[in-house]
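Structure, as structure tokens:
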Amino acid sequence: MILSNPKGTQDFLPPYGDQKALVENEFRKVVSLYGFSEIVNPTFEHTELYLRSTGLTTDIVTKQMYTFTDKGNRELALRPEGTPGVVRAVLQNKLKLPVRLFYIGPMFRYERPQKGRYREFFQLGVEVIGESEPETDVEIIEMGMRFFNQINLSDLIVKVNSVGCPICRPKFRVQLRLFLDKNLEQICDDCKIRVEQNPMRVFDCKVEKCKEIYHDAPKISDNLCYDCQNHFQAVLKELNERKIPFELDKMMVRGLDYYTRTAFEFVPTGSSELGSQDSVGGGGRYDNLVEDFGGPKTPAIGFALGLDRILICLGNALTSRKLVYIIALDAQALKQGRQLLDTLRNAEIPALINPPDKNLRAALGIADNLSCEYVIIIGANEMQKKVYTLKNLTQRSQQEIPQDKIVEVLSKK
Ligand code: HAM
């Protein structure tokens, strides 16, 4: 149907479009405090980029990618996530390391849509390329929490785990495989495939029965090599010292192949609006990805937050609008009103004026529809007394303000 949006996409209608921009701005402010610069990558890349990074055995690559062949016979994919494109750009353009980059933009995954899960969704992401210290891991987790506090989404916990590295994983995989082979009859068909291709992916399974079984499975964070163990202990110690609310979750392995060592997710506590889509963000280290792309050995870490999910959690929390609506009741007042409109805008106070043919009732109706907080009424009485009638629509109060004081009064609101 031509007059409906494609399944899994959204229109951000007012006031949510504004709310989205407010959240993006807060994100920009917070990450700039930590030295991040913005990067804007293409929304599509060569499909191979994701096969080689996100991973051949992940749900994202096997089931969810929007791939297409273009008119020049190139195999391309709409980006399902931001990390591979950022790393590609850093290497291709030989950026000096270490580098801290952030991005904001749409991602695409062919998923079964439901509340908080879309086929086009927006991420706020950061990538730190060239820093290996456990302190960096905690610094960016703390930065994520600071951002959430800033937008008043503080009922959150960080789930943390370590997913090891290519030194500890092969030995662990043998152990896990033994456990899974013993339970093969009881696990779902998808997991049977995972056992063959990449046994650690079974921990991504959402089937309740499987999750129950994997509770008793060996866990990677209990089987780390010496260096990974040291790194993980340092991260946990620092999280404690900085009093960041976190929970060790040994079942969390994250659904992408490039992760090494620290993996984490930001999860709302209490009665989340999100239902089963509980994570509002996730990330981790990927110390081998740069090398896998043909670059030098370079440690890296990052996270991405789901903007659509954040907006669901916020509801209307950030949407109070400071728009002032000027209602001029006759031709002379209209002239005065137009001057006032300029004065307010020059003072950075958002303002609109009513169309001249509307009566007071109709004009107030428009102000209400626009969710204006204030209305300024100018009629013959106001013109004569050199005042404006200032109406607060939320508090349903009104007062007369001397004309030359209006900017001062509204600036304080
Ligand atoms: P991810 O866990 O796949 O990680 O996605 C991060 C966040 O994006 C999720 O926590 C969720 O809030 C949001 N998200 C994912 N899929 C959807 C969807 N279909 N609809 C709505 N929101 C969604 C990554 O993408 C990694 N690139 C993160 C990262 C950066 N790791 C290191 N650096």
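Since every read-out is calculated from the coordinates, none of them should be taken as a lab result. Here the structure is a predicted model, which is why all the values come from computation and not from measurement. Every residue, glycine among them, receives a Cβ derived from its backbone with ideal geometry; neighbour counts consider all protein chains shown.
Tabulated values for the structure
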| quantity | calculated |
| --- | --- |
| Student exercise, segment 169-220 dipole from Lys, Arg, Asp, Glu Cβ charges, in Debye to nearest 20 | 320 |
| Gained length - N346 relative to S397, 0.36 nm times residue gap less alpha-carbon distance | 15.8 nm |
| Degrees, to the nearest 10: 360-369 long Cα axis against longest axis of the chain | 10 |
| Nearby lysines by direct alpha-carbon distance to K413 (threshold 17 angstrom, same-chain neighbours under 8 apart not counted) | K322, K391, K405 |
| Angle between the chain longest axis and helix 226-241 axis [Cα atoms, degrees, rounded to 10] | 30 |
| Proximal lysines relative to K297, as straight alpha-carbon distance under 19 Å, when same-chain residues fewer than 8 apart are discounted | K94, K96 |
| Proximal lysines to K171, defined as alpha-carbon separation beneath 21 angstrom and excluding residues fewer than eight positions away on the same chain | K182, K192, K219, K250 |
| Degrees separating the helix 16-33 axis from the principal Cα axis of the chain, which is the longest one | 60 |
| Surrounding net charge for V407, when Lys and Arg each add one and Asp and Glu each subtract one, Cβ distance under 12 Å | 0 |
| A331/N369 FRET efficiency (R0 25 Å; Cβ-Cβ; nearest 0.05) | 0.50 |
| Segment Q150-K358, extension gain: residue separation times 0.36 nm, minus the distance between their alpha carbons | 70.8 nm |
| Pairwise label distance in nanometres, E48 with L13, each label 7 Å out on the Cα-Cβ vector | 4.5 |
| log₁₀ of I(q)/I(0) at q = 0.23, 0.26 Å⁻¹ - segment 169-220, Debye sum with one point per alpha carbon | -0.78, -1.03 |
| E133 versus K96: modelled label distance in nm, points set 7 Å from Cα along the beta carbon direction | 1.9 |
| Orientation-averaged projected area, Cα convex hull of segment 337-413 (nm²) | 5.0 |
| Base-10 log of normalised Debye intensity for the chain (one unit scatterer per alpha-carbon) at q = 0.09 Å⁻¹ | -0.67 |
